[in-house]
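Enquirer: For reference, the structure I am asking about is given below.
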Amino acid sequence: PKVKIAERRNARKATLLEDLMEYFSWCLVNSSTEKAQKTRSYLKKERGFTPEQIEKLHFGFVPLWSSVVTFMTTKKKYLKEELDEACGVCNAEGKTVVGRTHTLAVPYICAGVLKGLLFRRVDGDEKPKYIANVALDRRSEFFNYPENGSSVIVVVEGEMDALTATAAGIPGVVSMGGSEIAGERKRQVERAFAFGTRSIILCPDLDTRTEADGTEVPDHAKR
């Protein structure tokens, strides 16, 4: 019985995430707010995605989070506790910048499974660029790993870089979700091998950082 209860909860969580993704996609197309226009402009002008690619990759626009909660609890009939568990973004005081500064929704998909959502800011260089929902584990599996597996994958840093390659028709490009190569990345590699990958090509950005002594080193070097 406990197994069946867990299965039902997981199934409902998966459905909730899919409903969120569909809602954000709808908002991206239909919202007329200035923030929505900036989000569409970022995808089309700065990243070069076509409307067809935007739809296929399920990008979305996030309105104020209070509006998200209202939609999911009144229109979709989820409990707020279910929303918080599946895609919580608020801190202990109930505050979040998702829907304010971070308005682009990016589905976090691995091997065809929607694991959660990332929220990206589309203007300014302030950090962090991305905010993940609280329950999302970005360290265990490569973002954008192909649904049917791939014997060879190319690992890039950013999620948007992987999706840009996918939109251009380049197969097997995944993201490790960061620039630092450290021991915890071992889990991502192990999962890729479990999915059937046999060769991994690492393709980090060529950014550099300056050490205290003035030496420039690759930003992805282990610290």
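The values are calculated or read from the model by the stated rules, or taken from the named source; none is laboratory data. Note that this is a predicted model, so its numbers are computed, not measured. Glycine also receives a Cβ, built like all others from the backbone with ideal geometry; neighbour counts cover every protein chain displayed. The area values use the complete protein model at the heavy-atom level, side chains included, leaving out ligands, DNA and RNA. Shrake-Rupley method; radii C 1.70, N 1.55, O 1.52, S 1.80 Å.
Enquirer: Output the residues belonging to the stretch 126-153 that are open to solvent by 40 Å² or more (accessible area, probe 1.4 Å) and farther than 22 Å from residue 90 by Cα.
Expert: 147, 148, 151, 152 - these are the residues of the stretch 126-153 that are open to solvent by 40 Å² or more (accessible area, probe 1.4 Å) and farther than 22 Å from residue 90 by Cα.
Enquirer: Just wondering, is there one or more residues in the stretch 178-201 that are closer than 27 Å to residue 51 by Cα and of a type in the set (A, V, I, L, M)?
Expert: Scanning the stretch 178-201, I find no residue that is closer than 27 Å to residue 51 by Cα and of a type in the set (A, V, I, L, M), so the answer is no.
Enquirer: Sort out for me the strands (runs of 3 or more DSSP E) sitting completely within the stretch 106-202 that have 3 or more residues that are closer than 18 Å to residue 42 by Cβ.
Expert: The qualifying strands (runs of 3 or more DSSP E) are 113-121.
Enquirer: Out of 216, 157, 211, report the one residue that is at pLDDT below 95 and open to solvent by less than 30 Å² (accessible area, probe 1.4 Å).
Expert: 157
Enquirer: Which ones in the stretch 77-99 are in contact with a helix residue (DSSP H, G or I) (Cβ under 8 Å, 6 or more places away or on another chain) and without any contact (Cβ under 8 Å) to a residue 60 or more places away in the chain?
Expert: Answer for the stretch 77-99, where residues must be in contact with a helix residue (DSSP H, G or I) (Cβ under 8 Å, 6 or more places away or on another chain) and without any contact (Cβ under 8 Å) to a residue 60 or more places away in the chain: 79, 80, 89, 90, 96, 98, 99.
Enquirer: Something else: Select from the stretch 181-190 the residues that are at pLDDT below 85 and open to solvent by less than 70 Å² (accessible area, probe 1.4 Å) and list them in ascending order.
Expert: Within the stretch 181-190, 181, 182, 183, 185 meet the criteria.
Enquirer: Also, quick follow-up: Checking the structure you have, find out if any residue of the stretch 128-139 is farther than 29 Å from residue 11 by Cα, touching a strand residue (DSSP E or B) at 6+ places or on another chain (Cβ under 9 Å) and of a type in the set (S, T, N, Q).
Expert: For the stretch 128-139, residues farther than 29 Å from residue 11 by Cα, touching a strand residue (DSSP E or B) at 6+ places or on another chain (Cβ under 9 Å) and of a type in the set (S, T, N, Q): absent.
Enquirer: Continuing with this model, one more query. Given (1) under 20 Å from residue 133 (Cα atoms); (2) free of Cβ contacts under 8 Å to residues at least 60 places away in the same chain; (3) surrounded by fewer than 18 Cβ atoms within 10 Å (Cβ to Cβ), where does residue 65 come up short, assuming only one miss?
Expert: Of (1) under 20 Å from residue 133 (Cα atoms); (2) free of Cβ contacts under 8 Å to residues at least 60 places away in the same chain; (3) surrounded by fewer than 18 Cβ atoms within 10 Å (Cβ to Cβ), only one is false for residue 65: (3).
Enquirer: Mind counting the residues in the stretch 97-113 that are open to solvent by 30 Å² or more (accessible area, probe 1.4 Å) and not basic (Lys, Arg)?
Expert: 5
Enquirer: Considering the stretch 28-56 alone, what residues qualify as being open to solvent by 90 Å² or more (accessible area, probe 1.4 Å) and part of a loop (DSSP other than H, G, I, E, B)? Explain how you work it out, then say what you get.
Expert: Restricting attention to the stretch 28-56, the residues satisfying the condition of being open to solvent by 90 Å² or more (accessible area, probe 1.4 Å) are 29, 32, 34, 37-38, 44-46, 52, 55-56.
Of everything in the stretch 28-56, just one residue is open to solvent by 90 Å² or more (accessible area, probe 1.4 Å) and part of a loop (DSSP other than H, G, I, E, B), namely 32.
Enquirer: What is the number of the single condition among (1) modelled with pLDDT under 95; (2) open to solvent by 90 Å² or more (accessible area, probe 1.4 Å) that residue 6 does not meet?
Expert: Among (1) modelled with pLDDT under 95; (2) open to solvent by 90 Å² or more (accessible area, probe 1.4 Å), residue 6 violates only (2).
Enquirer: Given (1) modelled with pLDDT under 95; (2) under 25 Å from residue 56 (Cα atoms), where does residue 104 come up short, assuming only one miss?
Expert: Against the list (1) modelled with pLDDT under 95; (2) under 25 Å from residue 56 (Cα atoms), residue 104 comes up short only on (1).
Enquirer: Is one or more of the residues making up the stretch 144-158 closer than 18 Å to residue 22 by Cα and out of contact with any Gly (no Cβ under 7 Å at 6 or more places or on another chain)?
Expert: no
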